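The values are calculated or read from the model by the stated rules, or taken from the named source; none is laboratory data. Just so you know, these numbers come straight off a predicted model, no measurement behind them. Cβ coordinates were reconstructed from backbone atoms using ideal geometry, including for glycine residues, and neighbour counts include every protein chain displayed. To get the accessible areas, we keep the full protein, side chains included, count just its heavy atoms, and leave off ligands, DNA and RNA. Shrake-Rupley method; radii C 1.70, N 1.55, O 1.52, S 1.80 Å.
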Protein chains: 4
Amino acid sequence: MNSVHNKKIKIGIIGATGYTGQELLGILFRHPSVEIIFLSSESNSGQILNQIFPNLNSNIKFITLQEAKKFSGNEVDLVFFTTPNNIAVNEAKYFLDKNISVIDFSADFRLKTNEEYLKYYGFEHKNLELLKNALYGLVELHRDKIKALKKPFIIANPGCYTTAANLALIPVCFYEGDKFNLNSIIINGASGVSGAGKKLEASLSFNEANENFKAYNIAGKHRHTPEINMVLNEAIAGSKAKDVIASGEAKDVIASGEAKDVIASGEAAWQSKPRIKVSFTPHLIPMYRGLYTTSHIDTKNDFNIQDFYSYYSHFYKNDQFIKVLELGSLPETKWTNKNNNCFIGMDYDPETKRLIICSTIDNLNKGAAGQAVQNMNLAFGFAEEMGLV
Amino acid sequence: MNSVHNKKIKIGIIGATGYTGQELLGILFRHPSVEIIFLSSESNSGQILNQIFPNLNSNIKFITLQEAKKFSGNEVDLVFFTTPNNIAVNEAKYFLDKNISVIDFSADFRLKTNEEYLKYYGFEHKNLELLKNALYGLVELHRDKIKALKKPFIIANPGCYTTAANLALIPVCFYEGDKFNLNSIIINGASGVSGAGKKLEASLSFNEANENFKAYNIAGKHRHTPEINMVLNEAIAGSKAKDVIASGEAKDVIASGEAKDVIASGEAAWQSKPRIKVSFTPHLIPMYRGLYTTSHIDTKNDFNIQDFYSYYSHFYKNDQFIKVLELGSLPETKWTNKNNNCFIGMDYDPETKRLIICSTIDNLNKGAAGQAVQNMNLAFGFAEEMGLV
Amino acid sequence: MNSVHNKKIKIGIIGATGYTGQELLGILFRHPSVEIIFLSSESNSGQILNQIFPNLNSNIKFITLQEAKKFSGNEVDLVFFTTPNNIAVNEAKYFLDKNISVIDFSADFRLKTNEEYLKYYGFEHKNLELLKNALYGLVELHRDKIKALKKPFIIANPGCYTTAANLALIPVCFYEGDKFNLNSIIINGASGVSGAGKKLEASLSFNEANENFKAYNIAGKHRHTPEINMVLNEAIAGSKAKDVIASGEAKDVIASGEAKDVIASGEAAWQSKPRIKVSFTPHLIPMYRGLYTTSHIDTKNDFNIQDFYSYYSHFYKNDQFIKVLELGSLPETKWTNKNNNCFIGMDYDPETKRLIICSTIDNLNKGAAGQAVQNMNLAFGFAEEMGLV
Amino acid sequence: MNSVHNKKIKIGIIGATGYTGQELLGILFRHPSVEIIFLSSESNSGQILNQIFPNLNSNIKFITLQEAKKFSGNEVDLVFFTTPNNIAVNEAKYFLDKNISVIDFSADFRLKTNEEYLKYYGFEHKNLELLKNALYGLVELHRDKIKALKKPFIIANPGCYTTAANLALIPVCFYEGDKFNLNSIIINGASGVSGAGKKLEASLSFNEANENFKAYNIAGKHRHTPEINMVLNEAIAGSKAKDVIASGEAKDVIASGEAKDVIASGEAAWQSKPRIKVSFTPHLIPMYRGLYTTSHIDTKNDFNIQDFYSYYSHFYKNDQFIKVLELGSLPETKWTNKNNNCFIGMDYDPETKRLIICSTIDNLNKGAAGQAVQNMNLAFGFAEEMGLV
């Protein structure tokens, strides 16, 4: 870990004028240890930032937006890509080669194989070597790995639905004993319209989206489905690894990056088992910000909700942005407005023997820009919460 | 069936100033075969209707709201109760004794036992005799029974979530062969705020409900849970009865009221089996009207979605208000605005072998006032769609 | 007036898939005396109507959308243009030549001179002859003229803001005595987003328009400004004409079409005076439907609000869709949802000696499709309210 | 000015759980130079703050809410009253007597006379002595007076509509020459629902306020009318004083508190003239935050908009939270979300010779909590923008 506490790091942003770019700017303005050097935007290139966001107070408002490719680069420490999919995959290398680290908001470095990119994103991944080296930065699961990153690094910032769903379900994967039918997981998601980004589409017009609610991309078609499965199976692996090494906390094991090795050497029995495949069913809510997941898991006969709740609330005791509510209390998206928190509530239905876990985040903040800054803070040795609310 | 095609029936409404009462008034104004004689409202007694709903065009706007108990009664054919729970249970008898039929919007005559009222509604049911005689009026399932009602009758108008969820799932219950794990049914519901009625509560204020989304009454706590289960189990009974009697369509059997007898006499094997217990998980949407359900059911290995879809769209071929979309298309709440339709869409996930069915209605119309008028039309021999859009 | 009470008239709609076209379809479905024969849509040509509006119940849903120019035409009595500006101006003649009447929702036949079209709409008006023959159909002002139309006619359906503003202010123009400073009129308008139509624009996306309020096209730039001025000056002319002819009610005079002649022959003194020029300042409201105007007029010293209010409420006594509220009561846009009413409320400030009049309509209904059907009903001899709520 | 840059000031908040109290807490959490010692709430007394606002991150969330009268007090430097009207008027003295300064969010110390309180607020003002000593803290007009306050002070934080309207119009009052008809000012206001506070009222329920827009308290009835007039007349006085003393900038004169003396000694001619009386017409917008004013002023013949705009944008050159847009550009409420800015845009209509000025603020931030912190910063010698965005 290279501590840079006493000087500001220098930042560039590629795609600064989208909703997540705007949110990132808002956070970085308040961040005491960064300096924004460079902003690019394909669509608004040549304009002063203030022309696009007239509500900026900082001096940054006079920065002129440039094209990414005109950026010579060497003067910054970190570049955020807040661009659509299939851009960072091609452009990240340009910066890494100049010794500049990258945090990518898109899906370009989240999955594992070219097959998944072809199936879910419809493009061929042109940088599988980079993909192998990228770290998926779900802070609460990968904190130690993020802290240990060597520069220049590439972090794949998790998807918004994925973040909320996985934060709710990771403790389920780590729970000891055989208490759940892990193949029964059904996740209903719902997101405000900003989750769809700034593109012009009839279904995203005010007149269509207002006073409307609908499901979309159901039955496994949503791109966050493989990402949710990937993380939950990794958590299961960490949990199983723990059984093998019988020491410490499973979460620490996986966090430290040792899990895979342990599994590789000893956990053959588990490896051969089928992987978790969730049902993920997203919906569109007539509001701007906020994302909600409601997950159902079948429990097995001797499941005790009090025990599980005690374990669960303890699981996140050191994660300041994870707020586990009292048993039976449920969160609301409004609580997450412009902050980096994930609120989690749960209840148990003895009639159906199902556990229901609800989680909510601000899709633009913890689901994008907030989590990216949390990643940056850890990777550059700042306090994890710096600049975040 | 007493046909009264050539004269108007006379109507009274108890509780006319709530949201469902207002919706009912709007529909009845357009209905060519009814005449509104009497309106009551506890909270607005003594006021002219026009003072409360300044946007009425009809002459009815000059009717003075009365207290229900001041209504002598004999001059009307039908009374609608659009009151909160635990009112019609006590007041319906007053009208039935005067030979006036009753359609009740509340839950007072929907369930079967005093135990359920104590558990889910917190009151002791004081008229179990009436309860036994009341008909649960889900038109698409009970059409023939409704047509066959003798006056004075009492119809329990189904709950809003129940209507949408059961219309989506009844065909599943009637499907031949053992293709579903019926105890895997998970229903996510979401409703606009008008579903909560006109009461003053902080959580229903604009400032709290706007730009907010949250789950509530989850884990079996919502009152529509036993009502959903009741109807689905009745559908299963009808389906099983069909196997026994081996003639006609199962839906017709149950619709004609013969199902129970058949079951009683011959279906002991099925009776001993465990009943369907769904997970029902409702959410509040920041909009006024509209209700959505997303149901997940585990299928068994030889399930074929094309076959099922053919069967399903055929199932509702004679139900003009049920719109089954093309396979893979999904409905939106906006389509239901102020109409009596239920739109249903479905998709199948081969990875998880789950069927997902989405249904949507206007909670105030098909989920309350529209369905009540549909019931009235059938019970009085009018065309089923009269006055409805 | 050719009465066609006992048979249905045949209708075509050009541009049927926009928001006002959709609203018109909804009204015409309920109308007992029309039959829809032909629908056209440039953007959706070749599709079945049901594919675009899946929530239609009527048999009309199977009509195939055609291109307007492929329509042979002779079989219909009336064509509605629900198209953007600068289309009907070129295409209306095609229908008129076939003896088909036209009601145009756009501005193409509302104003008087080519100069106004160039200045406010940016196009040269190619059919000034038709323009001269078109009747501006603000029903409450021009009822008798509409009834007296000879077929084939062309009616210019008024603009949405214009309708609400002018209905509020016409009685001011007709008020006897010199009680107002007519050049002090300031109209603040506010409209839901559907007023902008179905076009794709960033400012009309949910993410931009939601939770947002702003003025636009202020300082005389909005296209409804000259239209408001035109009607108010016509009302003044009618009022002055009344002074000249000293008989009957001024409104009847102008309604009957005699006003201009009277003025032409006798009212030279008034003609030389400056015309009313209002300030019209529109705003965008984060909601779908509904339009509101708040008008301020300076009164002169001996103005008496009680006298004026008595006169005002009497003025509209025969206009069933105009609802004048009690003095001091103010209307709300919600009351107008999907109906053809205009609600008007007023109050007087003795400190500033200003009269404030608020009016509200549903921009898609009374502000477009409802008013068009009201025009159709009058021109074809149906009851004015037929099919309208 | 007592500078306390190097230590934190200690804060208490009376009425901490309303919407403005919550906004204030959010700002103070980010403020580097304050420490929150004490929170009171009548309605939530005895609860931990975290139970009411589950989304707090700071340690403050464990503070227990107390009743204000149980607060011994001496340990804090400043108390904010974020209470309804007619509370601080009675309770402020308790704190002032303990040498604790007060910033009051209510109207209790804004107006000048008991008569105004009786007329507009319906209560007798019980502390006219305090009223005389209170400073009305519209920062951009009174900056130097605020900086010069001696402790313990009492600042009346301006009303939300007043702030937006007056910031738009003060430069008009200071403009040289006789270019405006100052008695022609008409201000249309529009506010999100949070402006009405947290009270439970049917008209503020989601079901009534959503998709609705309406005027309210028009014709001089709104309580902010006398407050707007008070400030504009004070600005006129400052402007006239400048003519008398013929030195410096008018705004500086009034800011320094000298204006009144100057006027008292020399400006008899102006004093006898009629005061400005605006028409203020507020409306309710279906959204949570944000407030907009659109003001119309008649100009006189030789008014030049370019000259005026140059003057106007220069007027606020040192006010970092006032953003004057380019001539012809108009602001949007969305820009103000959770920040302390006031955006102002204007345009001129040569046809009507009217100037239209639009201004927008976040009613909870610049219109309440943000402005209060701005006042605190100045009165305690902090940088004006500390803790604000």
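Under 5 Å between amide hydrogens, which residues at least 5 positions from A:Leu327 or on another chain qualify, with H placed 1.01 Å from N in the peptide plane?
The answer is none.
Amide H to amide H, which residues 5 or more places from C:Ser184 or on other chains are under 5 Å from it, using H placed in the peptide plane?
C:Asp298
Which distances, shortest first and in nm, link C:Ser203 to the matching position in the other copies, using label points set 7 Å out along Cα to C-beta?
Output for C:Ser203: 2.7, 3.0, 4.0 nm, nearest copy listed first.
Below 15 angstrom from the Cβ of C:Thr299, what's the summed charge of the other residues (Lys, Arg +1; Asp, Glu -1)? Show your work: numbers first, answer last.
Values: positive: C:Lys179, C:Lys300, C:Lys353, C:Arg354, D:Lys277; negative: C:Glu176, C:Asp178, C:Asp298, C:Asp302, C:Asp307, C:Asp347, C:Asp349, C:Glu351.
Spelling it out: positives minus negatives among the neighbours equals -3.
Tell me what chain B gives for mean residue ellipticity at 222 nm when only DSSP H runs of n ≥ 4 count, each as -39,500 (n - 2.57), the sum divided by the residue total, rounded to 500 deg cm²/dmol. Present the calculation step by step, with values, prior to reporting the outcome.
Details: 13 runs with 120 residues, N = 389.
Result for chain B: -9000 deg cm²/dmol, rounded to the nearest 500.
Distances in nm, one decimal, shortest first, from D:Gly381 to the same residue in every other copy, taking the label point 7 angstrom along Cα→Cβ.
3.7, 9.1, 9.3
What nm distances, shortest first, do you get from the label point of B:Leu327 to those in the other copies when the point sits 7 angstrom along Cα to Cβ?
Once sorted, the set of distances for B:Leu327 reads 4.5, 6.6, 7.0 nm.
List the trypsin sites (Lys or Arg not before Pro) in segment D:137-203 that DSSP assigns to loop (not H, G, I, E or B) and whose Cβ has at most 14 other Cβ atoms within 10 Å. Which are they?
Working: sites: D:Arg143, D:Lys145, D:Lys147, D:Lys150, D:Lys179, D:Lys198, D:Lys199; in loops: D:Lys150, D:Lys179, D:Lys198, D:Lys199.
Listed in order of number, the matching sites are D:Lys150, D:Lys199.
Skip the ligands, DNA and RNA, and give the accessible area per residue of the protein assembly as shown with a 1.4 Å probe, whole Å². Spell out each step's value before the answer.
Numbers: 55460 Å² over 1556 residues.
Computed with neighbouring chains in place, this is 36 Å² per residue.
Counting only protein heavy atoms, what percent of the accessible surface of chain D is carbon or sulfur at a 1.4 Å probe?
Reported share for carbon and sulfur atoms: 48 percent.
For helix C:224-245, report the angle its Cα long axis makes with the longest principal axis of the Cα atoms of chain C; keep it between 0 and 90° and round to the nearest 10°.
For helix C:224-245, the angle is close to 60 degrees.
What does the charge count around C:Ala209 come to, taking other residues whose C-beta lies under 11 Å from its C-beta (Lys +1, Arg +1, Asp -1, Glu -1)? Walk me through the intermediate numbers first.
Values: positive: C:Lys214, D:Lys334; negative: C:Glu201, C:Glu208, C:Glu211, D:Glu332.
Taking every other residue near C:Ala209 into account, the sum is -2.
Can you work out ³J(HN,Hα) from phi for every residue in segment D:172-186, in order, using Karplus 6.51 cos²θ - 1.76 cosθ + 1.60 and θ = phi - 60°, giving whole Hz and x for Gly and Pro?
These are the phi-based 3J(HN,Hα) values: 4, 5, 8, 5, 6, x, 9, 9, 10, 8, 5, 8, 9, 5, 10 Hz.
Hey, what angle do you get for helix A:19-30 against the long axis of chain A, alpha-carbon based, 0 to 90 degrees rounded to 10?
Tilt relative to chain A: about 80 degrees.
If you take the Cα Rg of chain B and divide it by 2.2 N^0.38 Å, with N the number of residues, what do you get? Provide the component values of the computation, followed by the final result.
Details: Rg = 20.6 Å, N = 389, 2.2 N^0.38 = 21.2 Å.
Here the Cα radius of gyration is 0.97 times the empirical estimate.
Taking R0 as 51 Å, what's the FRET efficiency between C:Asn50 and C:His314 from their Cβ-Cβ distance, rounded to 0.05? Kindly include the intermediate steps, with their values, before the conclusion.
Values: r = 48 Å, r/R0 = 0.93.
The value I calculate is 0.60.
How big is the antiparallel share of DSSP beta bridges in chain A, given as a percent to the nearest 5?
Working: 26 of 55 bridges.
Approximately 45 percent, going by the DSSP bridge assignments.
Can you give me the Cα centroid spacing of segment A:6-31 and segment D:186-235 in angstrom?
Taking the Cα centre of each part, segment A:6-31 and segment D:186-235 sit 37 Å apart.
Anything over 18 Å Cα to Cα? Flag those among C:Lys353/D:Lys277; B:Lys98/B:Lys151; D:Lys214/D:Lys338, in the order listed.
Working: C:Lys353/D:Lys277 10 Å; B:Lys98/B:Lys151 11 Å; D:Lys214/D:Lys338 24 Å.
Pairs exceeding 18 Å: D:Lys214/D:Lys338.
Residues with beta-carbon under 14 Å from that of B:Asp77, excluding B:Asp77: net charge, scoring Lys, Arg +1 and Asp, Glu -1? Don't jump to the answer; show the numbers that get you there.
Details: positive: B:Lys7, B:Lys8, B:Lys10, B:Lys98, B:Lys150, B:Lys151; negative: B:Glu35, B:Glu75.
Net charge in that neighbourhood comes out at +4.
Hey, any idea what Rg/Rh is for the protein assembly as shown, computing Rh the Kirkwood way over Cα pairs?
Working: Rg = 34.2 Å, Rh = 35.4 Å.
Over the Cα atoms of the protein assembly as shown, Rg/Rh equals 0.97.
Nearest the rotation axis from B to A, which residue of chain B has its beta carbon, and at what whole-angstrom distance?
Taking the axis that maps B onto A, the answer comes out as B:Asn188, 2.
Report ³J(HN,Hα) in whole Hz for each residue of segment A:151-159, in order, from the Karplus equation J = 6.51 cos²θ - 1.76 cosθ + 1.60 where θ = phi - 60°; Gly and Pro get x.
With coefficients 6.51, -1.76 and 1.60, one gets 8, x, 10, 10, 10, 8, 6, x, x Hz.
Estimate the FRET efficiency between D:Asp178 and C:Asn183 by the formula 1/(1 + (r/R0)^6), using the beta-carbon distance for r and 25 Å for R0, to the nearest 0.05.
Approximately 0.80, to the nearest 0.05.
How much of the DSSP beta bridge set in the protein assembly as shown is antiparallel, as a percent to the nearest 5? Walk me through the numbers before you get to the answer.
Numbers: 110 of 226 bridges.
Beta bridges within the protein assembly as shown, antiparallel portion: roughly 50 percent.
Please say if segment D:142-230 is rounded, prolate or oblate, where rounded means a/c under 1.5 for a ≥ b ≥ c the square roots of the C-alpha gyration tensor eigenvalues, and otherwise the choice is prolate for a/b larger than b/c and oblate otherwise? Intermediate values should be presented prior to the final figure.
Working: a/c = 3.01, a/b = 1.37, b/c = 2.20.
Judged from the Cα gyration tensor, segment D:142-230 comes out oblate (a/c at least 1.5, b/c at or above a/b).
Hey, how many Å between the Cα centroid of segment B:109-185 and the Cα centroid of segment D:322-389?
About 57 Å separates the Cα centre of segment B:109-185 from the one of segment D:322-389.
What are the residues of segment A:179-201 that lose 50 Å² or more of accessible area, with a 1.4 Å probe, going from their chain alone to all protein chains?
At a threshold of 50 Å² (probe 1.4 Å), the residues of segment A:179-201 that become less exposed are A:Ile186, A:Leu200.
Tell me the total accessible area that A and C bury against each other, 1.4 angstrom probe, in square angstrom rounded to 100.
Working: alone 17040 and 17050 Å², together 32740 Å².
Separately minus together, A and C give about 1400 Å² buried.
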